[in-house]
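Undergrad: The structure that follows is given in the form of structure tokens.
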Amino acid sequence: MARQTFWKGYLKLSLVTASVSLTPATTESNKVRFHVLNRQTKNRVESRYVDSVTHKPVTDRDQVKGYPRGEDDYVLLEDEEIEEVGLESTRTIDIDSFVPRGSIDWIWYDKPHFLAPEDKVGVEAFCVIREAMKANDVVGIARLVLYRRERAVLLEPQGKGIVLWTLRYGDEVREPSAEIDDKAEIDSKLLTLMKRLVKEETKDWSPTMVQDPIQKRLKSMIRGKQKSLKKAAPAKKPAPVKSTGNVINIMDALKKSLASERGRKSR
């Protein structure tokens, strides 16, 4: 399937420039989506903007963005005024600094995109930038206008290409919870059993580990309705496991888990 390019521009490092394109690295096209219908007529329901006081529809030309400065008091901003604030990063990824690879915590990573050269002329420049980052084990930091906002982005060499990650803004990342007692003592026997359990449960990564069971069930239910089949009886839910929070109970659970794991592997 041909990749769906949604952005084209230039990758720039000092005086080296390459024509590039961006493709989202993830997709939600396989997600089940629904339309809202009128139950009586089966016609689709339309969503419209209406005045909150008069309840009359508001046309596109009468809609304007407003920043609240008080109760029922707004500063009005036209689309043209907002667009004028945009920087040159609309069509250019200008790498202005580098940081050691792996030095940025994953909590800052937002959305991944595949960055690739757009024409034969830019291939060499693209590859030189990619290989230079690999050789120095660094990632590039730049700014780019995506999804109608200017964003900090991270460029990471990967294979023959570069993955561009949008990064979260500073005010979007919260401070870690300070409620955990880092001085709490851990039972050494309990830790030994837990490490053994983690080791025995460790497997090679596979995309099947992150499949969405809800989507599968929805698709199955839709297929069933399409074939006018009777609705299957819902599966019985397993009884909830009671926990007293006692260390001894956790120890027993770990021992049973390890025994079960060894029995499964010995078959």
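The values are calculated or read from the model by the stated rules, or taken from the named source; none is laboratory data. Please read all numbers here as calculations on a predicted model, not as lab measurements. Note that we place each Cβ from the backbone using ideal geometry, even for glycine, and neighbour counts take in every protein chain shown. The accessibility values were calculated without ligands, DNA or RNA, using every heavy atom of the protein model including side chains. Shrake-Rupley method; radii C 1.70, N 1.55, O 1.52, S 1.80 Å.
Undergrad: Run the accessible area of the stretch 1-145 with a 1.4 Å probe and give the carbon-and-sulfur part as a rounded percent.
TA: Exposed carbon and sulfur together represent 52 percent of the surface.
Undergrad: Sort 69-76, 158-165 for me by packing, meaning the mean count of neighbouring Cβ atoms within 10 Å per residue, highest on top.
TA: Details: 69-76: 8.1, 158-165: 16.5.
Final packing ranking: 158-165, 69-76.
Undergrad: Additional query: Strictly over 18 Å apart at the Cα level, which of K134/K203; K31/K160; K199/K255 would you flag in this model? Show your work: numbers first, answer last.
TA: Values: K134/K203 28 Å; K31/K160 30 Å; K199/K255 14 Å.
Those over the limit are K134/K203; K31/K160.
Undergrad: Quick query: amide H of I93 versus all other amide H atoms, modeled in the peptide plane; which residues come in under 5 Å with a sequence gap of 5 or more or a different chain?
TA: For I93, the qualifying residues are Y10, L11, K12.
Undergrad: Amide H of A25: which non-local residues (sequence gap of 5 or more, or other chain) have their own amide H closer than 5 Å, using H built in the peptide plane?
TA: Distant-sequence amide H within range of A25: H113, F114.
Undergrad: Okay, next question. Could you give the distance between the Cα centres of the stretch 123-175 and the stretch 39-74, to the whole Å?
TA: Value for the Cα centre distance between the two parts: 38 Å.
Undergrad: Per residue, how much accessible area does the stretch 23-163 show when a 1.4 Å probe rolls over the protein heavy atoms, in square angstrom? Working shown, then result.
TA: Working: 11030 Å² over 141 residues.
Per residue, the stretch 23-163 has an accessible area of 78 Å².
Undergrad: Setting aside same-chain residues fewer than 8 positions from K256, which aspartates and glutamates have a Cα under 16 Å from its Cα?
TA: Within the straight-line limit of under 16 Å, K256 reaches these aspartates and glutamates: E200, E201.
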